[in-house]
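Enquirer: Input: one structure, supplied below.
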Amino acid sequence: MLFTTLMIAVGLAMDAFAVSLGIGTGENANNGRAKLRLAFHFGLFQAGMTLLGWLAGSTIERFIREFDHWVAFGLLAYVGIRMIRSGLNPEKETYSSDPSRGGLLVMLSLATSMDALAVGLSMAMIGSTVAFPALVIGLVTFGLSLFGSFWGNHLGHRFGKRMEILGGLILIGIGLRIVLGHILT
């Protein structure tokens, strides 16, 4: 069970890792506190959405299943487009403020944790416990997000604005993968 839980946690954390990587390439969230705040919130939202999905069971799933993937896509595409525009314009910043604070942080945390809600729902439907898996999912997401933001910062210093373009394309790609995954299943 631990191996399966770890694999699920790593799979769920990949979106948060990619977003952290992209944000790390910018200049507004480049201190340790901002990176910790970002990773903490991504981990918290992943664990929380897993718990929320499990608590909601099948009652809420039917209400959100039709549009949750579009919400995630819209949020990720919005941030991705901002990153690409900033990368193409050397004078422009991706964010006018720190993306590890406020509404943008909540928006990114929600966008990267929609799949965790579905995992929690499926756990409830099969009668699985949720406390330990949610904790593992949150911790793995925290760790990978922290690593992604530090690695992104390193890549941003090394390759400059081109990494912001790549980060933006990755975010849009993740959003497209989420939409296509829901449409094709």
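Enquirer: How big is the shadow of the Cα convex hull of the chain, averaged over all directions, in nm²?
Expert: 10.0
Enquirer: Once you have all Cα-Cα distances for segment 114-185, histogram them in 10 Å bins from zero and send the whole-percent values.
Expert: 16, 32, 33, 16, 4
Enquirer: Starting from 0.36 nm per residue, how many nanometres of slack lie between L135 and V10 once their C-alpha separation is accounted for?
Expert: 43.7 nm
Enquirer: Ignoring GluC sites (Glu not before Pro) that are buried or in helix or strand per DSSP, and keeping those with at most 11 other beta carbon atoms within 10 Å, what is the longest stretch of the chain between them?
Expert: Answer - 92-185.
Enquirer: Convert each backbone phi in segment 179-185 into a coupling constant with the Karplus relation 6.51 cos²θ - 1.76 cosθ + 1.60 (shift: θ = phi - 60°), then list the ³J(HN,Hα) values in order as whole Hz, x for Gly and Pro.
Expert: 4, 5, x, 6, 6, 7, 9
Enquirer: If you don't mind, there's one more thing I want to ask. Relative contact order for segment 2-184: what percent, with Cα pairs under 8 Å and sequence separation of 6 or more?
Expert: Values: 321 pairs, mean separation 89.4, N = 183.
Result for segment 2-184 is 49 percent.
Enquirer: Multiplying the sequence separation of I81 and L180 by 0.36 nm and subtracting their Cα-Cα distance, what value in nm do you get?
Expert: 33.7 nm
Bear in mind that the values in this text are calculations on the coordinates, not laboratory data. Please read these numbers as outputs of a predicted model, since none were measured by experiment. Reconstructed Cβ throughout: ideal geometry from the backbone, glycine too, with neighbour counts over all protein chains shown.
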